[in-house]
Amino acid sequence: MRGNGEHYDLGEMVPVASIHTARPYDDVEEIVRRILIEHGARIEVNQDDWTVTFPEGTTRVEIWPRADSTRFRIIFPDQYHIYETVTRYGVSILRYPSGEFPQELLRKYGKF
């Protein structure tokens, strides 16, 4: 069960309108912002997090059985996808394809 009370099965695609997610590191924030906007998302920057509003037709599918966290693939209407990890404490962290980032950032942080 998600923090908002929704129940669904592993592999079930469900529409997603918006999420609250941790802000990215300062040195990757502009890249992440560009990725999301390029694929139709809107970003509201809050003090400690972002509210990301996805374009209509965006779906989310749970991709791993739950343990300490829940993992999702978020699929935009243009078929671009990112990943979301929701910790057991309800913190949402978005992850992006590594090819979107310069090598120096990949060496610094590992994967996104």
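The values are calculated or read from the model by the stated rules, or taken from the named source; none is laboratory data. Treat the numbers as computed from the prediction; the structure is a model and nothing was measured. Here the Cβ is made from the backbone with ideal geometry for all residues, glycine too, and neighbour counts use every protein chain on show.
Restricting segment 92-102 to residues that are surrounded by 14 or more Cβ atoms within 10 Å (Cβ to Cβ) and part of a loop (DSSP other than H, G, I, E, B), which is modelled with the lowest pLDDT?
Filtering segment 92-102 for residues that are surrounded by 14 or more Cβ atoms within 10 Å (Cβ to Cβ) and part of a loop (DSSP other than H, G, I, E, B), the one modelled with the lowest pLDDT comes out as Phe101.
Quick grid of which residues meet (1) part of a loop (DSSP other than H, G, I, E, B); (2) at pLDDT below 95; (3) under 16 Å from Val32 (Cα atoms):
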residue	(1), (2), (3)
Val52	no, no, yes
Ala67	yes, yes, no
Val86	no, yes, no
Glu104	no, yes, yes
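Out of the residues in segment 76-91 that are under 17 Å from Thr51 (Cα atoms) and under 12 Å from the mean Cα position of the chain (by Cα), which is surrounded by the fewest Cβ atoms within 10 Å (Cβ to Cβ)?
Ranking the qualifying residues of segment 76-91, first place goes to Val91.
Exactly one of (1) surrounded by 13 or more Cβ atoms within 10 Å (Cβ to Cβ); (2) in contact (Cβ under 8 Å) with a residue 60 or more places away in the chain is unmet by His39. Its number?
Of everything listed in (1) surrounded by 13 or more Cβ atoms within 10 Å (Cβ to Cβ); (2) in contact (Cβ under 8 Å) with a residue 60 or more places away in the chain, His39 misses just condition (2).
Looking only at segment 53-112, count how many residues are more than 19 Å from Arg23 (Cα to Cα) and of a type in the set (S, T, N, Q).
Residues in segment 53-112 being more than 19 Å from Arg23 (Cα to Cα) and of a type in the set (S, T, N, Q): 4 in total.
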